[in-house]
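Report on one structure; see the data block that follows.
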Protein chains: 2
Amino acid sequence: MQTQLSNPIGVFDSGVGGLTVVRALMERLPFENIIYFGDTARVPYGVKSIETIALYAREITQFLLQQQVKLLIVACNTMAAVAYQVIQDLSPVPVLDVISAGARTAAAVTRVKYVGVIGTPATINSNAYARAIHRYDSEIRIFSQACPLFVPLVEEGWLDHMVTRLTAQEYLKPVLCHEIDTLVLGCTHYPLLKPLLQEVAGEGIQLVDSAEAMAEQTAAVLSEKNLWNPERVLPDYRFYVTDVPLRFQSIGERFLGRTLSNVRVIKW
Amino acid sequence: MQTQLSNPIGVFDSGVGGLTVVRALMERLPFENIIYFGDTARVPYGVKSIETIALYAREITQFLLQQQVKLLIVACNTMAAVAYQVIQDLSPVPVLDVISAGARTAAAVTRVKYVGVIGTPATINSNAYARAIHRYDSEIRIFSQACPLFVPLVEEGWLDHMVTRLTAQEYLKPVLCHEIDTLVLGCTHYPLLKPLLQEVAGEGIQLVDSAEAMAEQTAAVLSEKNLWNPERVLPDYRFYVTDVPLRFQSIGERFLGRTLSNVRVIKW
């Protein structure tokens, strides 16, 4: 099968969080067509069992492959943590994921080799970031912390609120006491908390935004595999969701950083 | 069809929150058999569209009817708010719901006829509590507030935490400024926040716990329809869930107030 270079990049997520990855891709790869799939009817994945997450990941992968994507990006940390292999086994096109991207950047950035990782309970319990970081440098010590309240706080829009600051102080305390110099934001919702988290963590700590790391790695893979779209026209962006939840538009636009149009609902 | 009096009461919810209703039923109706269904694979419903919630409600109703329940209790405020009619149309047995139960108690309790209602965004946006309260007394003025962070705060176990207190102060401020004397806890998670909410609201305000109101109304309907189980043996409790999420056991037992056993997983 010959891959069409103008075929879209498929990005998928359990909900709207992956739109932070789409935003980073739009900025870094301005001529690539993108199809986004957000499983908004079944979000959040972060508290579900591994079997259920793997089943959902398989369904979404099949859907995006039918749309002729040339590359698959797993923008959901939870799916990347527990279902990456399932997705790769299904896919004839390259599969990239936010965890590898964030891990690679973290390993490159840390000097003291003490790295903090924050994410949903499922991501943290899976230990996937630790394994991925150790693939790049096995000497790095990793201190991780599940932060289940950050997603609802971001969706509430309390990005610079005293409640969010107190919550961040409480969650980060056990991580910060280890004198890390790098903190991986291991959930696509967290880039919106970057200013607040930087303040709580202190200036000496480098935050690794996995959406930006993902866009960088995608650019590298497009070069390596000669998959860049040669067309220099306005790209096509399509957004598939399994439900249009309350406040979807406003939350989605906060993540994407621009107007969200061309949204189609798939009912399963 | 002759209803067997020893048949179980079917209680259903989008997740584990409805276990607060089961707890109240166990205390109020100690000889009734109970089947609980928690749709833990698809929780939370509170942010999904009305169509999706109605579809799920239909599936669960059919499942419980197959289990020969003698009475159906919709313990999920969100389902009661947007899918009550769908459930009732399907069911040959009586259907009770937390919203009617809470509304009836609120109407009976308020003296100044200013009532506050808090719940998930879907419950509050549906305006179902206002409609239900007005069926009992159309003169009551209702002030409602969506509190999307309360569910994750309860599931995090921060029942008496500064973050929860600050969040409650912020959410309740616009409601409390109307000098209400009654506050309906319109979500099955909220009974666990009762002590904190009572403190934030102040002693002059009567909290209506919809789980307790539900148990009272169930007792009344069992009497009215002659449906009490005459057997005086240890009742049978069965719990069906669609997934066993992380921390399910500990969160479930916090809601139920006792050991959670006899849990079966249904895969759809």
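Some values worked out for this structure:
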quantity: Tally of residues being closer than 12 Å to residue A:150 by Cα and of a type in the set (A, V, I, L, M, F, W, C) across the stretch A:173-217; calculated: 6
quantity: Residue identified as touching a helix residue (DSSP H, G or I) at 6+ places or on another chain (Cβ under 6 Å) and within 21 Å of residue B:19 (Cα to Cα) among B:83, B:128; calculated: B:83
quantity: Scan of the stretch B:136-157 for residues that are more than 8 Å from chain A (Cβ to nearest Cβ), within 19 Å of the chain's Cα centre (by Cα) and open to solvent by 40 Å² or more (accessible area, probe 1.4 Å), ordered by number; calculated: B:144, B:145
quantity: Criterion (among the hydrophobic types (A, V, I, L, M, F, W, C) and under 16 Å from residue B:5 (Cα atoms)) met by exactly one of B:71, B:96; calculated: B:71
quantity: Leading residue by the ranking (farthest from residue B:125 (Cα to Cα)) among those in the stretch A:232-260 that are small (Gly, Ala, Ser) and either at pLDDT 90 or above or touching a strand residue (DSSP E or B) at 6+ places or on another chain (Cβ under 6 Å) (or both); calculated: A:257
quantity: Qualifying residues in the stretch B:72-108 (those that are of a type in the set (Val, Ile, Thr) and in contact with a Ser or Thr (Cβ under 6 Å, 6 or more places away or on another chain)) - the one farthest from residue B:208 (Cα to Cα); calculated: B:87
quantity: Some residue of the stretch B:134-141 being without any contact (Cβ under 8 Å) to a residue 12 or more places away in the chain, over 18 Å from residue B:217 (Cα atoms) and among the charged types (D, E, K, R); calculated: no
quantity: Wholly within the stretch A:67-136, helices (runs of 4 or more DSSP H) carrying at least 1 residues that are outside the structural domain of residue A:26 (by TED's automatic domain parsing) and either out of contact with any Phe, Trp or Tyr (no Cβ under 8 Å at 6 or more places or on another chain) or among the β-branched types (Val, Ile, Thr) (or both); calculated: A:98-109, A:121-126, A:128-136
quantity: Failed criterion for residue A:16 (all others in (1) part of a helix (DSSP H, G or I); (2) buried (at least 23 other Cβ atoms within 10 Å of the Cβ) hold); calculated: (1)
quantity: Residues located in the stretch B:21-57, provided they are away from chain A (no Cβ under 14 Å), open to solvent by 10 Å² or more (accessible area, probe 1.4 Å) and either under 17 Å from residue A:42 (Cβ atoms) or touching a Ser or Thr at 6+ places or on another chain (Cβ under 8 Å) (or both); calculated: B:28, B:33
quantity: All positions within the stretch B:78-127 that are acidic (Asp, Glu) and surrounded by fewer than 24 Cβ atoms within 10 Å (Cβ to Cβ); calculated: B:89
quantity: Test for residue B:120: is it within 14 Å of chain A (Cβ to nearest Cβ) and without any contact (Cβ under 8 Å) to a residue 40 or more places away in the chain; calculated: no
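The values are calculated or read from the model by the stated rules, or taken from the named source; none is laboratory data. All of these numbers come straight from a predicted model, not from anything done at the bench. Don't worry about glycine lacking a Cβ; one is built from the backbone with ideal geometry, like all the others, and counts go over all protein chains shown. Note: areas computed on protein heavy atoms with side chains; ligands, DNA, RNA excluded. Shrake-Rupley method; radii C 1.70, N 1.55, O 1.52, S 1.80 Å.
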